[in-house]
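Here is the structure we will look at, set down as C-alpha cells.
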Amino acid sequence: MQKKLIYITGIILAAVVLYLGITGSRLSDSSSDQEPDLVSLATENRYKEMEIKDYEGARLDPSVGPRDNSISGIQQVDLESYNLLITGLVEKPLSYSYDQVLEKDSYQRLITLYCVEGWDATVLWEGVRITDLLEDAGVLRSGEIAIFHCVDGYTTSLSLETIKDRDMLLAYSSNGITLPDSLGFPFIVIAEDKLGYKWARWVTEIEISADLEYKGYWESRGYTNEAEVSR
Ligand SMILES: Nc1nc2c(c(=O)[nH]1)N[C@H]1C(S)=C(S)[C@@H](COP(=O)(O)O)O[C@H]1N2
Ligand SMILES: [Mo]
C-alpha cells in the first residue's frame, strides 16, 4: 500500500516537473523573440488580405478604423444599381457608372485621416480627381461649394476652391486593395487636411451649390464648417 502511494506521488511529481519545464522554456522562448505587443497584434488583425502595410518607409494603418462611428452603420453598395451623380449648378447633370469613374486618370497619395475623436489613420489612397469628374458636367460660375450626398443619408460639403487647391481625390482603393465597405465602397472623399467628418464615404451624388452657409450632418450639430486639422 505504502509503496503504491510513493509510486503514484513520484509519477505526479515527475509530471509537474515536466510541465513546468515545458512552459518555462516556452516563456523564455517568447521573451527572446521580437514578438509584437497586444496593441500591434490587434492592429495586425485588422489588415485585410492583400493589403499593403508599408509604403516608402511609412507604416500604413489598416483600411478600417479602430471602431465604426458611421451614423447608420457600415453600408453595402450594389454596383449593379449604383451611379455617381453630378447635379446642381452645372451645365449638364451627369451620371457615372462605377467603371466610368475608374476610366479617369488615377492618382496615388499617402494621406492621413484625423477624426475629432482623437484617432488617425495613414493610408495609401488611389482615386480620381474630383475636378476631373466635375469638368465633364461644367460647373456654372455661380457654383461655390460641393455637397456630398451618401447612401446612408450623410452629407458634408467642401468649397470648390479647397477641392481645387488640394487637388482632392475621390478614392476607390486603399492600401492597394479595393476600398472595403467599412471605408466607403465604392468611393470616399480624400479631404486632405480636413477633419474626418469631411471624408464622405459611400458617396452617390456631388451637388454643386452656391450656398456658402450650407451645413452637413456633423456641421449642423456643432462641428466647424472649416474642419481644419490642428497639428
Ligand atoms: N456616409 C458617411 N460618411 C462618413 C461618416 C458617416 O457616418 N457616413 N462619418 C465621417 C466621420 S465622422 C469620420 S471620422 C470618417 C471615418 O469614419 P469612422 O470613424 O466610422 O471610421 O468618415 C466620415 N464619413
Ligand atoms: Mo469622425
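Restricting attention to the range 107-141, report how many residues are of a type in the set (G, A, S), open to solvent by less than 60 Å² (accessible area, probe 1.4 Å) and in a loop (DSSP other than H, G, I, E, B).
We begin by selecting, within the range 107-141, every residue of a type in the set (G, A, S); these are 118, 121, 127, 137-138.
Adding the requirement that they be open to solvent by less than 60 Å² (accessible area, probe 1.4 Å) leaves 121, 127, 137-138.
Then keep just the ones that are in a loop (DSSP other than H, G, I, E, B); that gives 138.
Residues that pass the stated criteria total 1.
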Any residue that is assigned to a loop (DSSP other than H, G, I, E, B), loosely packed, with under 15 Cβ neighbours inside 10 Å and at pLDDT below 95 - is there at least one of those in the range 68-88? yes
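Could you count how many residues in the range 184-208 are closer than 26 Å to D99 by Cα and open to solvent by less than 20 Å² (accessible area, probe 1.4 Å)?
The qualifying residues number 14.
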Please give the strands (runs of 3 or more DSSP E) falling wholly within the range 142-216 in which 2 or more residues are at pLDDT 95 or above and within 9 Å of ligand 1 (Cβ to nearest atom). 145-150, 155-159, 188-190
Looking only at the range 51-61, decide whether some residue is part of a loop (DSSP other than H, G, I, E, B) and within 16 Å of ligand 2 (Cβ to nearest atom). yes
So which residues in the range 48-69 are in contact (Cβ under 8 Å) with a residue 24 or more places away in the chain and within 13 Å of the chain's Cα centre (by Cα)? K48, E51, L60, D61, P62, S63, V64, G65, P66, D68, N69
Matching residues, the range 217-227, being touching a Lys or Arg at 6+ places or on another chain (Cβ under 7 Å) and either open to solvent by 10 Å² or more (accessible area, probe 1.4 Å) or assigned to a helix (DSSP H, G or I) (or both): N225
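The values are calculated or read from the model by the stated rules, or taken from the named source; none is laboratory data. These numbers come from a predicted model, not from an experiment. Don't worry about glycine lacking a Cβ; one is built from the backbone with ideal geometry, like all the others, and counts go over all protein chains shown. In case anyone asks, the SASA skips ligands and DNA or RNA and just uses the protein heavy atoms, side chains included. Shrake-Rupley method; radii C 1.70, N 1.55, O 1.52, S 1.80 Å.
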